[in-house]
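Please read the structure below before turning to the comments.
The values are calculated or read from the model by the stated rules, or taken from the named source; none is laboratory data. Everything quoted here is computed from the prediction, not taken from an experiment. Every residue, glycine as well, gets a Cβ built from its backbone with ideal geometry; the counts of neighbours run over all protein chains shown. In case anyone asks, the SASA skips ligands and DNA or RNA and just uses the protein heavy atoms, side chains included. Shrake-Rupley method; radii C 1.70, N 1.55, O 1.52, S 1.80 Å.
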Amino acid sequence: MEDRVCLGAIAGAFGVKGEVRLKSFTAEPDDVAAYGALETEDGKKSFEITLTGQTKNGLTARLSGVATKEQADGLRGTRLYVDRTRLPEPEEDEFYHADLIGLDAYDTGGTRLGTVKAVHNHGATDLLELRLPNSSATVLLPFTLEAVPTVDLASGRIVADPPEGLFPDDAKS
């Protein structure tokens, strides 16, 4: 498991006084500011976050040390991380996205389907992006109990029962 978890990303400046548009990756969007200072991916910068409002597809916030629109614009695309030890343990059948990335995926017959590359959510449900074996191609698998009945973090694998036709017959190996 990763030592740090990505809780959000800066989408750019909001206004002219150094506020940012912030995408939250927490279950409750406002919780992105509840875990103390968040760090950049390289760990070189740390920001205290004060939420100031909401905007389309995100939140607005002030970050410590960011006072101008230019500074805020310069942080566009920056992902913000927290040390995993500051997060609560997930409840049963809940997982941090960081724990799913890298897991091998197998179908219910034991055939390898690929590796979890990313976890996406476009509003309806989480989707696992699987990189197919021996390929750079990917497919999106609904992350539902029906499509993914087993997540075994200890073994580093998931068992999937994908919808018919999701995988090309020659993609499984």
### For the chain, projected area of the alpha-carbon convex hull averaged over all directions, nm²
11.1
## Note on the structure
For the range 44-99, the Cα gyration tensor yields equivalent-ellipsoid semi-axes (√(5λ), largest first, whole Å) of 27, 14, 11
### Message
Can you give me the distance in nm between label points at HIS120 and SER46, each placed 7 Å from the Cα along the Cα-to-Cβ direction?
### Response
3.5
### Task
Under 1.5 on a/c is rounded, so check that first for the range 1-82, then, if it is not, pick prolate when a/b is larger than b/c and oblate when it is not; a ≥ b ≥ c are the square roots of the alpha carbon gyration tensor eigenvalues.
oblate
### Mean projected area (nm²) of the alpha-carbon convex hull when the range 24-63 is viewed from all directions
3.0
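Quantify, in whole percent, the carbon and sulfur part of the accessible surface of the range 78-151 (1.4 Å probe; protein heavy atoms only).
It is 46 percent, rounded to a whole number.
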### Task
Over the range 14-72, with every protein chain in place, what whole percent of the accessible area is carbon and sulfur at 1.4 Å, could you tell me?
47
### Query
Between ALA67, GLY102, TYR35, whose Cα lies farthest towards the positive end of the dipole of the chain when Lys and Arg beta carbons carry +1 and Asp and Glu beta carbons carry -1, centred on the Cα centre?
ALA67
#### Entry: For the range 67-150: accessible area per residue (Å², 1.4 Å)
57
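Taking the Cα centre of the range 1-89 as origin, sum charge times position over the Cβ atoms of Lys and Arg (+1) and Asp and Glu (-1), and report the length of that vector in debye to the nearest 20. Show your work: numbers first, answer last.
Numbers: 13 positive and 14 negative charges, 81 e Å.
Computed about the Cα centre, the dipole is about 380 debye.
Could you work out [θ]222 nm for the chain from helices alone, using -39500 (n - 2.57) per DSSP H run of at least four and dividing by all its residues? Round to the nearest 500 deg cm²/dmol.
-1000 deg cm²/dmol
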### Query
If you take the beta carbon distance between ARG79 and GLU146 as r and set R0 to 25 Å, what does 1/(1 + (r/R0)^6) give as a FRET efficiency, to the nearest 0.05?
0.20
### Query
Among the lysines, which fall within straight-line cross-link reach of LYS17, defined as a Cα-Cα distance under 16 Å, with same-chain neighbours fewer than 8 residues apart omitted?
LYS69
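Run through the range 23-63 and list the trypsin sites (Lys or Arg not before Pro) located in a DSSP loop whose Cβ has at most 13 other Cβ atoms within 10 Å.
Hits after loop and neighbour filter: LYS44, LYS56.
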### Query
Per Stokes-Einstein, at 37 °C and 0.692 mPa s, what whole-number D in µm² s⁻¹ belongs to the range 84-173, with the Kirkwood radius over Cα pairs as the hydrodynamic radius?
244
